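What follows is one structure encoded as structure tokens, with my remarks underneath.
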Amino acid sequence: YRIPIVGKDINVLFQEFDKDGSGEIKYDEFVYAFVGEMNERRKRLIKILFDSFDKNKTGFVDLDEIRNSYSPSGHPDVLSGKKTEDEVLAEFLDTLQYHFSLLKNDKERKNKISFDEFSEYFNNISVGIEDDDYFENMVKSGFNLEERRPKKKGWKSII
């Protein structure tokens, strides 16, 4: 837009966009700066999902439990034939593992993730999905929140 920005303002603006402090503005950081946080509907859905894992109310869930509960069979891209279940599963695990590694400062926690971290992961995904119904369908079907599929042992961790 050719907006004139002076020297010190450029640094402030850059720091605002560079959420992870890497010295680079990644695409998701750039989009996040314009789109912002999830709306209330999405936040409630993610809270319900987190609580379904955090049965003992510790405020943390185990990453392996999340991985083992995810099933891509109901994912919209699988249902449409755009991707295979294995492709969607691999993308999910890669993204989850990458996101966790960025946030993992506390070595004592090992594979535990807090609600804020869990929510931030889904917020990063939410940025790229305009339609609330599509986002909700993706989350509910991926984690069987509506319990339409029979319950069975989830996917093994491949990481």
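Which residues, taken from the stretch 6-24, are assigned to a loop (DSSP other than H, G, I, E, B), at pLDDT 85 or above and open to solvent by 70 Å² or more (accessible area, probe 1.4 Å)?
Filtering the stretch 6-24 for residues assigned to a loop (DSSP other than H, G, I, E, B) gives 6, 18-24.
Narrowing the set further to residues that are at pLDDT 85 or above leaves 18, 21-24.
24 - this is the single residue of the stretch 6-24 that is assigned to a loop (DSSP other than H, G, I, E, B), at pLDDT 85 or above and open to solvent by 70 Å² or more (accessible area, probe 1.4 Å).
Which of the residues spanning the stretch 31-58 are open to solvent by less than 30 Å² (accessible area, probe 1.4 Å) and part of a loop (DSSP other than H, G, I, E, B)?
Going residue by residue through the stretch 31-58, those that are open to solvent by less than 30 Å² (accessible area, probe 1.4 Å) are 31, 36, 38, 42, 45-46, 49-50, 53-54.
Those that are open to solvent by less than 30 Å² (accessible area, probe 1.4 Å) and part of a loop (DSSP other than H, G, I, E, B): 36, 38, 54.
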If I filter the stretch 125-142 down to residues being open to solvent by 20 Å² or more (accessible area, probe 1.4 Å) and in contact with a Phe, Trp or Tyr (Cβ under 7 Å, 6 or more places away or on another chain), which single residue comes out as modelled with the lowest pLDDT?
127
Within the stretch 45-72, of all residues that are basic (Lys, Arg) and under 14 Å from the mean Cα position of the chain (by Cα), the one modelled with the highest pLDDT is 47
Applying the selection to the stretch 59-72, what residues are in contact (Cβ under 8 Å) with a residue 60 or more places away in the chain and part of a loop (DSSP other than H, G, I, E, B)?
70, 71
Which of the residues belonging to the stretch 73-124 are outside any helix (DSSP H, G or I), at pLDDT 85 or above and open to solvent by 70 Å² or more (accessible area, probe 1.4 Å)?
80, 82, 84
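The values are calculated or read from the model by the stated rules, or taken from the named source; none is laboratory data. Model, not experiment: these values are computed from the prediction. Every residue, glycine as well, gets a Cβ built from its backbone with ideal geometry; the counts of neighbours run over all protein chains shown. The accessibility values were calculated without ligands, DNA or RNA, using every heavy atom of the protein model including side chains. Shrake-Rupley method; radii C 1.70, N 1.55, O 1.52, S 1.80 Å.
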